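The structure appears below as structure tokens.
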Amino acid sequence: MKIRRILVSQPKPADAKSPYFELAESNNVHIDFRQFIHVEGLDVKEFRKQKVDILAHTAVVFTSKTAIDHFFRLCEELRVSIPETMKYFCVSESISVYLQKYIIYRKRKIFSGPSGKFPDMIDVMKKHKDEKFLVALSDIHKQEIPDLLDKYKFTYTKAVFYKTVSSDLSDININDYDMLVFFSPQGILSLKHNFPDFVQGEVKIGTFGGSTAQAVREAGLRLDVPAPTPEAPSMTMALDQFIKKFNKGQK
């Protein structure tokens, strides 16, 4: 049986020139897009359980724009007034510029990493070792963040401001699809949460990233299309190569 219908666990691309649309046309397949996970901000009661005193810190570390949104939302709900002396360390310049949505942008108190990667921001933070850092995170975050902060002996507090949860997919008939495509381990958890009786059978599964591939295997599922690879550095390239080869061998 040929691959005809694919479900991609991401929002539908806004760009009409997305390679997914080219993939669908060149292989005569139908692709649906649906977010399997979404972000929810913690409420005041949930945040207080962490017993974090925001004003006991002199600097805040942001790794995403989402973290900025939920940090300032919770500060408002908690009626916490952030002093003008607070310093902000952002993993990239685009994230630091996003701060203008909430504060007056001043170079003397906003610092950004050079590459968008947390390890590279450590060198910036080393110049301010005396600060007491508050690291605004999701409930699911890279372990390298606290590992690096511990390694270089920063004074810091991890605080969760938002969480990643499974979306409601009850309107989807998962058995309508010949292939499912995932981009995070949380997407696999959402599949199991929404469709506890799901049996893979002949359904193909594609993943992007090593951790997502591992999550598929740990869930007892079969991984058919891993990406990236040297031959297919993108998910769409991997799918294109697999579908062409697979469909050619089917009646």
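The values are calculated or read from the model by the stated rules, or taken from the named source; none is laboratory data. In this text the structure is predicted, and so the values were computed from the model without any measurement. Cβ sites come from the backbone with ideal geometry, for glycine too, and all protein chains shown count toward neighbours.
Scanning region 20-34 for residues that are of a type outside the set (A, V, I, L, M) and crowded, with 16+ Cβ neighbours inside 10 Å, which turns out farthest from LYS244 (Cα to Cα)? Full working, then the answer.
We begin by selecting, within region 20-34, every residue of a type outside the set (A, V, I, L, M); these are 20-22, 25-28, 30, 32-34.
Filter once more, so that each one left must be crowded, with 16+ Cβ neighbours inside 10 Å: 20, 27.
Numbers: TYR20: 14, ASN27: 7 Å.
Checked region 20-34; the qualifying residue farthest from LYS244 (Cα to Cα) is TYR20.
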Looking at region 119-163 only, could you name the residues that are assigned to a helix (DSSP H, G or I), without any contact (Cβ under 8 Å) to a residue 24 or more places away in the chain, surrounded by fewer than 12 Cβ atoms within 10 Å (Cβ to Cβ) and not acidic (Asp, Glu)?
LYS151
Just one of the numbered conditions (1) more than 14 Å from LEU134 (Cα to Cα); (2) part of a loop (DSSP other than H, G, I, E, B); (3) modelled with pLDDT of 95 or more is not true of GLU76; which one?
(2)
Out of (1) under 30 Å from LYS126 (Cβ atoms); (2) surrounded by 12 or more Cβ atoms within 10 Å (Cβ to Cβ); (3) in contact (Cβ under 8 Å) with a residue 40 or more places away in the chain, the odd one out for CYS75 is which?
(3)
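Please note which helices (runs of 4 or more DSSP H) are completely contained in region 168-251 and include at least 2 residues that are over 23 Å from the mean Cα position of the chain (by Cα), charged (D, E, K, R) and surrounded by fewer than 21 Cβ atoms within 10 Å (Cβ to Cβ). Explain how you work it out, then say what you get.
On the way: elements: 185-194, 210-218, 235-248.
Hits in region 168-251: 235-248.
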Looking only at region 74-98, how many residues end up being in contact with a Cys (Cβ under 7 Å, 6 or more places away or on another chain) and of a type outside the set (Gly, Ala, Ser)?
1
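Listed here are the residues, each with its yes/no results for (1) over 30 Å from VAL160 (Cα atoms); (2) assigned by TED's automatic domain parsing to the domain that holds GLU76; (3) within 23 Å of the chain's Cα centre (by Cα); (4) not charged (D, E, K, R).
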| position | (1), (2), (3), (4) |
| --- | --- |
| SER9 | no, no, yes, yes |
| PRO13 | no, no, yes, yes |
| PRO19 | yes, no, yes, yes |
| SER26 | yes, no, no, yes |
| VAL29 | yes, no, no, yes |
| PHE47 | no, yes, yes, yes |
Cβ pairs under 8 Å, 6+ apart or interchain, first in region 229-251 and under 16 Å from ASN28 (Cβ atoms), second of a type in the set (Lys, Arg) and at pLDDT below 95, ordered by first then second residue, are PHE246/LYS2; ASN247/LYS2; GLN250/LYS2
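Taking ILE6, is it farther than 28 Å from LYS132 by Cβ, free of Cβ contacts under 8 Å to residues at least 40 places away in the same chain and assigned to a strand (DSSP E or B)?
Working: farther than 28 Å from LYS132 by Cβ: yes; free of Cβ contacts under 8 Å to residues at least 40 places away in the same chain: no; assigned to a strand (DSSP E or B): yes.
No, not satisfied.
Rundown of residues vs (1) aromatic (Phe, Trp, Tyr); (2) over 30 Å from GLY210 (Cα atoms); (3) outside the structural domain of THR212 (by TED's automatic domain parsing); (4) more than 18 Å from the chain's Cα centre (by Cα), yes/no style:
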{"position": "LEU55", "(1), (2), (3), (4)": "no, yes, yes, yes"}
{"position": "ALA59", "(1), (2), (3), (4)": "no, yes, yes, yes"}
{"position": "SER92", "(1), (2), (3), (4)": "no, no, yes, no"}
{"position": "ILE103", "(1), (2), (3), (4)": "no, yes, yes, yes"}
{"position": "PHE111", "(1), (2), (3), (4)": "yes, yes, yes, yes"}
{"position": "ASP123", "(1), (2), (3), (4)": "no, no, yes, yes"}
{"position": "PRO146", "(1), (2), (3), (4)": "no, no, yes, no"}
{"position": "THR157", "(1), (2), (3), (4)": "no, no, yes, yes"}
